[in-house]
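The values are calculated or read from the model by the stated rules, or taken from the named source; none is laboratory data. Given the structure is predicted, the values throughout are model-derived calculations rather than measurements. Cβ placement follows ideal geometry from the backbone for every residue including glycine, while neighbour counts extend to all protein chains displayed.
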Amino acid sequence: RKEVEQDPGPFNVPEGATVAFNCTYSNSASQSFFWYRQDCRKEPKLLMSVYSSGNEDGRFTAQLNRASQYISLLIRDSKLSDSATYLCVVIESTSGTYKYIFGTGTRLKVLA
Amino acid sequence: DTAVSQTPKYLVTQMGNDKSIKCEQNLGHDTMYWYKQDSKKFLKIMFSYNNKELIINETVPNRFSPKSPDKAHLNLHINSLELGDSAVYFCASSQGLGQDSTDTQYFGPGTRLTVL
């Protein structure tokens, strides 16, 4: 089983739609979680951290479910500019060393 | 005022050659990383350095040798390049080691390496 798994998509949605992605992780001891966004042929950029109680940033809402070991990202009122690949990131700790584990990404296409 | 910069942006070379990629960050971060993103877009950690000290060394062929002359620079030297080394190599930095959720990574623009 991969350490961090995502549905690769693509998710094709019309402008204005609400879309949600999930990401599952295998290490129950993982403590920190993020969503990054990567545009085509560009570097990954932080979208938002994911906090235990869930958090919102404008149209974006992130949730963490520790019991089921998944995090989610909800995008409301999708814009064309939201088209990108969304990467789930989990920080794992092994013997005091912290490692950022990236999912393979979920591709979103917002259609006019 | 680029935060994390890499050179070169594109690198096309023949199999068997030796090449280097350079990375610099002006964020004052203590930790720097090299990632490889293959054709399937999977981003995998290769190395990380904290204050010039190697702390993560994944299962990477020893043809890859990182060097950190100071905490603002992390270079990657690759010997005897192979076809399978073709990928995008990203440098990144973070303030700490990843101990908490505020310790986000900032990525450079990537170096697209093509081995012919």
* Counting only residues that are over 26 Å from A:TRP35 (Cα atoms) and touching a Pro at 6+ places or on another chain (Cβ under 8 Å), which one in segment B:74-99 is farthest from the other protein chains (Cβ to nearest Cβ)? -> B:HIS77
* Output yes when any residue across segment A:19-38 is assigned to a loop (DSSP other than H, G, I, E, B) and either touching a Cys at 6+ places or on another chain (Cβ under 8 Å) or modelled with pLDDT of 95 or more (or both), and no when none is. => no
* Mind telling me which of the residues B:LYS71, B:LYS22, B:LYS67, B:LYS41 ends up being more than 13 Å from every other protein chain (Cβ to nearest Cβ), surrounded by 13 or more Cβ atoms within 10 Å (Cβ to Cβ) and free of Cβ contacts under 8 Å to residues at least 12 places away in the same chain? => B:LYS67
* To do: Sort out which residues of segment A:46-63 are aliphatic (A, V, I, L, M) and surrounded by 18 or more Cβ atoms within 10 Å (Cβ to Cβ), and write them in order of number.
  => A:LEU47, A:MET48, A:VAL50, A:ALA62
* Asked: Just wondering, is there one or more residues in segment B:53-64 that are modelled with pLDDT of 90 or more, more than 14 Å from every other protein chain (Cβ to nearest Cβ), within 18 Å of A:TYR98 (Cβ to Cβ) and part of a strand (DSSP E or B)?
  -> no
* Asked: Counting only residues that are β-branched (Val, Ile, Thr) and away from chain B (no Cβ under 11 Å), which one in segment A:14-58 is nearest to the chain's Cα centre (by Cα)?
  -> A:THR24
* To do: Assess whether A:PHE102 counts as being modelled with pLDDT under 95, surrounded by 13 or more Cβ atoms within 10 Å (Cβ to Cβ) and either within 13 Å of the chain's Cα centre (by Cα) or more than 14 Å from chain B (Cβ to nearest Cβ) (or both).
  => yes
* To do: Tell me which residues, restricted to segment B:79-110, are within 16 Å of B:VAL60 (Cβ to Cβ) and polar (S, T, N, Q).
  => B:ASN79, B:SER80, B:SER86
* Asked: Residues A:GLU56, A:GLU15: which one is over 22 Å from B:GLN105 (Cα atoms) and not small (Gly, Ala, Ser)?
  -> A:GLU15
* To do: Identify, from the list B:ILE21, B:ILE45, the residue that is among the β-branched types (Val, Ile, Thr), touching a Ser or Thr at 6+ places or on another chain (Cβ under 6 Å) and in a strand (DSSP E or B).
  => B:ILE21
